[in-house]
Amino acid sequence: MDKNLRRIKWSEILLFVVVAIVPIIVRNASVAVAPELAMFHNNNTHVSDVFSFHKSWVLMLCAGLLAFHALTEFVISGNDFAQLKIGASKLVKNPVIIMVLVYLFFVIISNLFSAYTQTALWGVPDRREGLFVQLAYMTIFISAMFHVKDDFSVKVILVGLMASSLVMGAIGFSQFINMDFFATEFASWLVFGIWGRMGILFSMSYGTNFNPNTFGLVTAMLFPLLFAAAIYFQNKILRALFILAGGLMTLGVVGSRSVGGLIGATAAVGMIALTLLVHHLRSNNKTGEMGKTDENEQPEETNFLIFGKLTKVKKVAMSLIVAVAIIGGIIATFGTNLSGDIRFTMERIFAIFEPSNAPNIEIEFTDNQMAVTRRAGAVTVNYTVTFPVLPGVPQVQLADGTIIEPTITEELIPDGETIYTYLYEFPTSGITSTTILRQFNLYMYQRIPLMFNDDNILHMVYRDSVLYNPNEPIPAFGFEGWETWGSNRGYIFSRTIPMLPQSLLIGQGSDTFVLLFPNHDMVSKLRYFGNSHMIVDKAHNLYLQTAVTTGVISALALIGLFGFYIITTFISLINHDKKRDKISFWLRLGLLASVSAFSVSSLSTDSTVSSTPMFWIIIGLGFAINRIWGNYAARTS
């Protein structure tokens, strides 16, 4: 690779901004709510978006400038139509470009035919992954893949990743030690423009992301690449900074308490171990010398990390000493925090392999009657509630036939209506009472609005004011008895999978998942979430989310693209001759681990504008370095 310094290009500046600046932007914005989303935001016309809105706009601006820059470069270069045709014919033979084009085709078609235009174009608050952002993802990916052509370009992007990791990691560390930077008055001034305190948003580390799960994915994706970059750079100060950034990201995996992040980190470490093992075995098979070295071979000197030139023995010894010192210092200083975060995360992981506990409350409807089972520890109470067709007092009867008479209170509200509160007290400990509200002919139990339709059949009333028959089954597939698995991902996955046949070719548009999921299933949400009005706005799985919103084929194209990079890079690395280019080997291994972490973590984590722009540049960089290495290997073979 050419390591000579040169003037930085516009494309490199823009890619640097995406990886260095976009991830750390946190600024409040009052965002207009699409009409179709208003019911999920209490019919407000605007909502506050702190972590995603400005990120998305800077990303789209950079992507637009990259596209404009590429176009002007083509025009200025004087290429004619014939040359364009030749270049295009080469591109369409590239399997990566084919998968990108397939993905983009179905994304665009899904959005063109979407019934939810505003949401599909701009996305939902906090995620902001509408069509324009998805086009921006592909733009920065293609730009990274083709504009990165030498060592200088690689280093510009790596330094950008290191810079944002230091900021995210430092803020994540403040959250890890329960001194959240965003709870300070200075942070409030930065984010809201006023002096005050935002308050603690989460008890876990979330960095500059809008939730800890996203931070877990980001940190799992970045830490192997940052450590690999520490080997790639020769400057001792930069190496130290990359090691610090990698350490902060590693701590972030633990501090986020994200199972997805920990699984992604495990995938990264596993990929590194597998690649090194297979590479070692293949190298020994090629030489026919299992563990033997040339007697005349001198001890290898390597400029390792920040310690200068050391022999192998000294290198290993120094590395172990430093690692033990750092880990020991962290444990001694923050042992309680670390043990708590590790214990919390491990408990969540072990819970994955255990079936769901019996829900605290179960409801079944029959005509105008509701059978309820409530649990509190070892105490269980069974009773039925009969709702009068004409507005009146609901009757509560225990399983033994005892009828509970309610205590009734009345409250006159400003519009002249009266709200009746019926309090039913049980002769049991643990579960002492239940409450039902009534406003004219609308009943409310556990925040589930109930009323009779014109045929005098009891229905639930959802946010959209539509009546839903509670006895109408909601399509479900799999995870029966495991609905609370993975923080209720079992329930979400089981209700999402039946939606796939409707989107085999195209979906309903980017980021429209919340409008497609059966959120009116208030009985099941009360059963598994303990909250009948919980809004499921994401699939907690990148691939399911993509399949539902932009079509199964677009999801398969994504899976194919990720798999193609992982497989081709793995094969290339196990055949890599480290004697010819050891530094490149470690960087490519770090990129492979990074992409593997994101791909695996995405099985239980969502894509957001807080995390995904970095990934698309990382995988684009990976393809670019594979191309550079392939050309180098061909020239020197």
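The values are calculated or read from the model by the stated rules, or taken from the named source; none is laboratory data. Everything numeric in this text was worked out from a predicted model, so none of it was measured. A quick note on method: Cβ atoms are made from the backbone with ideal geometry, for glycine too, and the neighbour counts reach across all protein chains shown. Ligands, DNA and RNA are excluded from the accessible area calculation, which covers all protein heavy atoms including side chains. Shrake-Rupley method; radii C 1.70, N 1.55, O 1.52, S 1.80 Å.
Computed quantities for the displayed model
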{"quantity": "Where a residue in the range 53-70 is under 13 Å from Ile142 (Cβ atoms) and its partner, wherever it lies, is assigned to a helix (DSSP H, G or I) and aromatic (Phe, Trp, Tyr), with Cβ under 7 Å and at least six apart", "calculated": "His69/Trp10"}
{"quantity": "Qualifying residues in the range 513-543 (those that are of a type in the set (A, V, I, L, M) and open to solvent by 30 Å² or more (accessible area, probe 1.4 Å)) - the one modelled with the lowest pLDDT", "calculated": "Met534"}
{"quantity": "Hits in the range 366-408 - residues which are closer than 23 Å to Met460 by Cα, part of a loop (DSSP other than H, G, I, E, B), open to solvent by 70 Å² or more (accessible area, probe 1.4 Å) and of a type outside the set (Val, Ile, Thr)", "calculated": "Asp367, Leu390"}
{"quantity": "Matching residues, the range 411-429, being β-branched (Val, Ile, Thr) and in a loop (DSSP other than H, G, I, E, B)", "calculated": "Ile413, Thr428"}
{"quantity": "Subset of the range 426-445 that is crowded, with 19+ Cβ neighbours inside 10 Å and not charged (D, E, K, R) - its residue that is nearest to the chain's Cα centre (by Cα)", "calculated": "Tyr445"}
{"quantity": "Residue among Phe16, Phe40 that alone is in a helix (DSSP H, G or I) and under 17 Å from Gly160 (Cα atoms)", "calculated": "Phe16"}
{"quantity": "Spans of strands (runs of 3 or more DSSP E) in the range 439-483 with at least 2 residues of a type in the set (Gly, Ala, Ser), free of Cβ contacts under 8 Å to residues at least 60 places away in the same chain and in contact with a Lys or Arg (Cβ under 6 Å, 6 or more places away or on another chain)", "calculated": "none"}
{"quantity": "All positions within the range 353-365 that are modelled with pLDDT under 90, open to solvent by less than 40 Å² (accessible area, probe 1.4 Å) and of a type in the set (A, V, I, L, M)", "calculated": "Ile361"}
{"quantity": "Residues satisfying the stated conditions in the range 409-425, i.e. open to solvent by less than 40 Å² (accessible area, probe 1.4 Å) and over 44 Å from the mean Cα position of the chain (by Cα)", "calculated": "Thr418"}
{"quantity": "Condition met for Ser494 (touching a Gly at 6+ places or on another chain (Cβ under 7 Å) and either under 20 Å from Tyr543 (Cβ atoms) or not aromatic (Phe, Trp, Tyr) (or both))", "calculated": "yes"}
{"quantity": "Counted residues, the range 463-509 - those being surrounded by fewer than 18 Cβ atoms within 10 Å (Cβ to Cβ) and in contact with an Asp or Glu (Cβ under 7 Å, 6 or more places away or on another chain)", "calculated": "1"}
{"quantity": "Meets criteria (on the phi < 0 side of the Ramachandran plot, at pLDDT 95 or above and surrounded by fewer than 22 Cβ atoms within 10 Å (Cβ to Cβ)) for Met99", "calculated": "yes"}
{"quantity": "Residues of the range 216-250 classified as over 25 Å from Leu603 (Cβ atoms) and either among the polar types (S, T, N, Q) or not in a helix (DSSP H, G or I) (or both), total", "calculated": "3"}
{"quantity": "Given (1) within 21 Å of Met60 (Cα to Cα); (2) modelled with pLDDT of 95 or more, number of the condition Val148 does not satisfy", "calculated": "(2)"}
